[in-house]
Amino acid sequence: MRVSVFGLGYVGAVSAGCLAGAGHLVVGVDVAGEKIDMINRGACPIVESQIGDLIAESVRAGRLSATGDVAEAVAASDISLIAVGTPSAPDGSVNFAAIDSVIASIGAALRTKTTPHAVVMRSTVPPGTAEDRLIPALAALSGRKRGDGFSYYSNPEFLREGTAVRDFAAPPFTLVGTAPGDDAVALRELYASVAAPFRLASYRVAESVKYLCNGFHALKIAFANEAGGVLAAHGVDARAAFALFCEDRVLNISPAYLRPGFAFGGSCLPKDLRALNYRASRLDLKLPLMENVLPSNESHLKRSIQAALALPA
């Protein structure tokens, strides 16, 4: 397939190199001239295991090149992957400057293109971005409608630094957010070599999953550090305890308790959480995460009760 990849940072370079390595014809696009020059020399603009060899081999084989010319890249491809940065704004919201700039450039390029084109969002964007912001912008700038001249997909990445090439080839799943009735045939072909289930979802669900993943990863690290601190203060080998904790794949490391619904209750969870917090307080250890679990649960309980009371009789 003919693919353009916008943004040659971490996600973009890995995506471009891996797709070219799989046999696709790829052109990378970036505003940084040094990144363009590096790719065209067969050099890698990031430090990551295996990707340098993939890029060098693909450039030698003529499957990978780079340019700063958006119109040229769009004209030479059928699919555009967007992998530019989405940093935090000062208030914590997403800074869309790079995303909006790329969308504007692609939309303008589509205005003069006569063949269909797929726009694929690899960057992490909040739920609602596709429908409320980017698809309307592409339609206005290109003079086309989604489904009639261009298609749009949300395709979040799940790459870890140090194992990105392996993660690209074998992710937990290939997730594609799409419009109702669109089976994402082009992306099924694009990722045919990827050893993972192909999952379709709505745009908003696909956009939300990466936030769920990263929020949960951060939560797990904070929990491990807080609990590990309490254990260590009691002379417990925290790593040994957590190794056993992780062997439970029925409750601890599993989908159990990860289904949004009602608040927790009963005797065990509240009392053991209180006991853990009490032991920490006696040792003068602050556990900001676990100290707020019970208040959080109480708030959710109140919201659930209010929702039930608001139901018609």
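The values are calculated or read from the model by the stated rules, or taken from the named source; none is laboratory data. As the structure is a computational prediction, the values presented were derived from the model and not from experiment. All Cβ positions, even for glycine, are placed from backbone atoms using ideal geometry, and neighbour counts span all protein chains on display. The area values use the complete protein model at the heavy-atom level, side chains included, leaving out ligands, DNA and RNA. Shrake-Rupley method; radii C 1.70, N 1.55, O 1.52, S 1.80 Å.
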### Message
Name the residue that is surrounded by the most Cβ atoms within 10 Å (Cβ to Cβ), counting only residues in the stretch 65-123 that are more than 22 Å from the chain's Cα centre (by Cα), small (Gly, Ala, Ser) and in a loop (DSSP other than H, G, I, E, B).
### Response
SER77
### Criterion (modelled with pLDDT of 95 or more, open to solvent by 20 Å² or more (accessible area, probe 1.4 Å) and closer than 20 Å to ARG146 by Cα) met by exactly one of ARG199, ARG188
ARG188
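Within the group GLY162, GLY181, which residue is open to solvent by 10 Å² or more (accessible area, probe 1.4 Å), over 26 Å from TYR10 (Cβ atoms) and not in a helix (DSSP H, G or I)?
Of GLY162, GLY181, the one residue that is open to solvent by 10 Å² or more (accessible area, probe 1.4 Å), over 26 Å from TYR10 (Cβ atoms) and not in a helix (DSSP H, G or I) is GLY181.
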### Query
Which of the residues that make up the stretch 270-304 are within 19 Å of VAL236 (Cα to Cα), open to solvent by 60 Å² or more (accessible area, probe 1.4 Å) and not in a loop (DSSP other than H, G, I, E, B)?
ASP272, TYR278, ARG279, SER281, ARG282
### Query
Is it true that some residue in the stretch 251-260 is more than 24 Å from LEU212 (Cβ to Cβ) and surrounded by 11 or more Cβ atoms within 10 Å (Cβ to Cβ)?
no
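Can you tell me which residues in the stretch 281-313 are over 35 Å from the mean Cα position of the chain (by Cα) and either over 27 Å from VAL230 (Cα atoms) or of a type outside the set (Asp, Glu) (or both)?
Once the filter is applied, which keeps residues that are over 35 Å from the mean Cα position of the chain (by Cα) and either over 27 Å from VAL230 (Cα atoms) or of a type outside the set (Asp, Glu) (or both), the stretch 281-313 yields SER281, ARG282, LEU283, LEU309, ALA310, LEU311, PRO312, ALA313.
Consider the stretch 140-156. How many of its residues are among the charged types (D, E, K, R) and either touching a residue at least 40 places away in the same chain (Cβ under 8 Å) or surrounded by fewer than 17 Cβ atoms within 10 Å (Cβ to Cβ) (or both)?
2
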## Note on the structure
How many residues of the stretch 236-250 are open to solvent by less than 70 Å² (accessible area, probe 1.4 Å) and in a loop (DSSP other than H, G, I, E, B)? The answer is 3
